[in-house]
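Participant: Before I ask anything, let me first share the structure, which is written out below as structure tokens.
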Amino acid sequence: MENHKIDEIIALLEQYPLCAKIVAYFLENRHAMDTVRGIAEWWIQEDLDATQVALHHLVEQGIVVVRFYIGTNFYSFTPDPKLQAKLEDLLRESGSRD
């Protein structure tokens, strides 16, 4: 993975704690998939609009994949094992700094 891409992801997770919260959920539930409402209300108990913004940022970085099914967007974790491992390392490192 390119260093500038890693730097962008680090900046995203630091600037938007909600993004980090969603990534943490996906790391614990790697095959999970849900709508923005499901993620907001059931996974992370956060505001719907804020969750939508966070998901948009995560999709832009390739961390989350959006699939359109029966008129609805469903969000799932990247299938890239290297990116998943890097995200796990980043969150572990940030947790050890808190």
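The values are calculated or read from the model by the stated rules, or taken from the named source; none is laboratory data. Treat the numbers as computed from the prediction; the structure is a model and nothing was measured. Glycine also receives a Cβ, built like all others from the backbone with ideal geometry; neighbour counts cover every protein chain displayed.
Participant: Going through Thr51, Thr78 one at a time, which residue ends up being under 16 Å from Pro17 (Cβ atoms), surrounded by 13 or more Cβ atoms within 10 Å (Cβ to Cβ) and modelled with pLDDT of 95 or more? So that I can check it myself, show each step before the final result.
Facilitator: Values: Thr78 fails: under 16 Å from Pro17 (Cβ atoms).
Going through Thr51, Thr78 in turn, just one is under 16 Å from Pro17 (Cβ atoms), surrounded by 13 or more Cβ atoms within 10 Å (Cβ to Cβ) and modelled with pLDDT of 95 or more: Thr51.
Participant: Follow-up. Take Val59 and decide whether it is in contact with a Ser or Thr (Cβ under 7 Å, 6 or more places away or on another chain) and surrounded by fewer than 17 Cβ atoms within 10 Å (Cβ to Cβ).
Facilitator: Spelling it out, it is not the case that Val59 is in contact with a Ser or Thr (Cβ under 7 Å, 6 or more places away or on another chain) and surrounded by fewer than 17 Cβ atoms within 10 Å (Cβ to Cβ).
Participant: Testing Leu83 on (1) in contact (Cβ under 8 Å) with a residue 60 or more places away in the chain; (2) closer than 13 Å to Leu12 by Cα, one condition comes back false. Which one is that?
Facilitator: Among (1) in contact (Cβ under 8 Å) with a residue 60 or more places away in the chain; (2) closer than 13 Å to Leu12 by Cα, Leu83 violates only (2).
Participant: Suppose we filter the range 15-62 for residues that are touching a residue at least 24 places away in the same chain (Cβ under 8 Å) and basic (Lys, Arg); how many remain?
Facilitator: 2
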